[in-house]
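Written below as structure tokens is the structure these notes are about.
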Amino acid sequence: MISSPLMTVMVDAARKAARSLRRDFGEVENLQVSRKGPGDFVSAADRKAEEVLRDALLKARPGYSMILEEGGVIEGTDKSHTWHIDPLDGTSNFLHGVPHFAVSIGLEREGVIVAGVVFDPIKDELFIAERGKGAYLNNRRIRVAARSEMADALVGYGTPYLGRGSHPRLLREISAVMAVSGGTRRMGSAALDLAYVACGRLDAYWERDLQTYDFAGGVALVREAGGFVTSADGAAEPLAPRSIACGNESLHRDLLAILKKAQAA
Ligand code: IPD
Ligand code: CA
Ligand code: CA
Ligand code: CA
């Protein structure tokens with residue numbers, strides 16, 4: 001486990017928000033679901049869980065800035081720290097009764113992601129990582145999978161909401177990965193896709209057109225689990241490009257090469 005004041009703050013906040021999500025899961029008829037844009041839904045469950053996270057993190061670290069999916073940006077007095085907060089990653093799953101979603105918190109210090117917590121309240125799986133201190137699932141140290149052949153790999157990916165993203169490029173990428181990998185998965189939560197790469201359930205994962213709160217927590221997990229993470233175009237820090245490609249060293253390299261070739265096609 002990681003025992004640091006920072007991790008205690010993050011885990012306590014995530015557990016509180018998760019409790020709120022667990023209560024709301026299955027109560028969709030009471031959740032005032034609305035559409036933020038085509039295919040992009042939000043509910044009272046997202047808003048309630050976000051309030052819990054915002055209040056807990058503001059109380060513990062009053063100066064830090066925040067980027068919240070539903071509440072936008074809160075500028076703090078401490079310019080070097082920013083929380084990237086997704087209270088419910090996997091809203092579509094949640095609203096359809098699919099038990100695969102998570103709370104995600106990432107901490108950025110001076111442009112670098114230094115800590116992450118991703119909590120799946122239904123499976124009661126807590127993924128945590130802090131820079132230099134390793135990554136854990138519940139109390140167990142986790143590592144990315146060792147598989148080095150794409151032909152053996154299970155590769156996760158994400159698809160954008162209705163009307164967003166470049167569909168022709170994405171379809172080329174998916175078809176290129178399908179042609180050479182052991183299998184593909186679109187599971188519906190970017191934060192859990194990253195967490196699953198960190199613990200070796202998925203071997204690699206890529207997605208474009210994300211927001212930083214979708215992946216900041218998960219990026220910390222993959223890196224501390226010995227994995228490689230860049231943007232889908234290979235930029236070292238994904239925060240600005242807001243896309244992700246990850247896996248162990250060898251599969252990450254192969255995945256980037258496949259994506260590059262598919263882009264050029
Ligand atoms: C979404 C999920 C999904 C990804 C989308 C995200 P939300 O987040 O992470 O897997 O494909 O791009 O927007 O809206 O459920 O928090
Ligand atoms: Ca999200
Ligand atoms: Ca969300
Ligand atoms: Ca959303």
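The values are calculated or read from the model by the stated rules, or taken from the named source; none is laboratory data. This is a predicted model, so every value here is computed, not measured. Because the Cβ atoms are built from the backbone with ideal geometry, glycine has one as well, and the counts that use them run over all protein chains shown.
For the range 160-202, which positions are within 16 Å of ligand 3 (Cβ to nearest atom) and among the basic types (Lys, Arg)?
Arg164
Restricting to the range 69-97, count the residues that are more than 16 Å from ligand 2 (Cβ to nearest atom) and part of a loop (DSSP other than H, G, I, E, B).
Summing the residues that are more than 16 Å from ligand 2 (Cβ to nearest atom) and part of a loop (DSSP other than H, G, I, E, B) in the range 69-97 gives 4.
Find the strands (runs of 3 or more DSSP E) located wholly in the range 118-199 whose residues include 2 or more that are surrounded by fewer than 23 Cβ atoms within 10 Å (Cβ to Cβ), and list them.
Of the strands (runs of 3 or more DSSP E) lying wholly inside the range 118-199, those with at least 2 residues that are surrounded by fewer than 23 Cβ atoms within 10 Å (Cβ to Cβ) span 125-130, 134-137, 183-185.
Of the conditions (1) more than 16 Å from ligand 4 (Cβ to nearest atom); (2) among the small types (Gly, Ala, Ser); (3) part of a helix (DSSP H, G or I), Gly226 fails just one. Which one is it?
Checking Gly226 against (1) more than 16 Å from ligand 4 (Cβ to nearest atom); (2) among the small types (Gly, Ala, Ser); (3) part of a helix (DSSP H, G or I), the one that fails is (3).
Just the residues that are under 22 Å from His100 (Cβ atoms) and part of a strand (DSSP E or B), please, taken from the range 35-67.
Arg35, Lys36, Asp40, Phe41, Val42
Being surrounded by fewer than 17 Cβ atoms within 10 Å (Cβ to Cβ) and either within 19 Å of the chain's Cα centre (by Cα) or in contact (Cβ under 8 Å) with a residue 24 or more places away in the chain (or both) is the requirement here; does Gly63 meet it?
So Gly63 fails the test.
Would you confirm whether any residue within the range 113-129 is touching a residue at least 12 places away in the same chain (Cβ under 8 Å) and in contact with a Pro (Cβ under 7 Å, 6 or more places away or on another chain)?
Checked the range 113-129: at least one residue is touching a residue at least 12 places away in the same chain (Cβ under 8 Å) and in contact with a Pro (Cβ under 7 Å, 6 or more places away or on another chain).
Quick check: is even one residue across the range 105-113 surrounded by fewer than 24 Cβ atoms within 10 Å (Cβ to Cβ), over 30 Å from Ser34 (Cβ atoms) and either in contact with a His (Cβ under 9 Å, 6 or more places away or on another chain) or assigned by TED's automatic domain parsing to the domain that holds Arg223 (or both)?
Checked the range 105-113: at least one residue is surrounded by fewer than 24 Cβ atoms within 10 Å (Cβ to Cβ), over 30 Å from Ser34 (Cβ atoms) and either in contact with a His (Cβ under 9 Å, 6 or more places away or on another chain) or assigned by TED's automatic domain parsing to the domain that holds Arg223 (or both).
Which ones in the range 74-92 are farther than 17 Å from Met7 by Cα, of a type outside the set (Ser, Thr, Tyr) and more than 16 Å from ligand 4 (Cβ to nearest atom)?
Matches in the range 74-92: Ile74, Glu75, Gly76, Asp78, Lys79.
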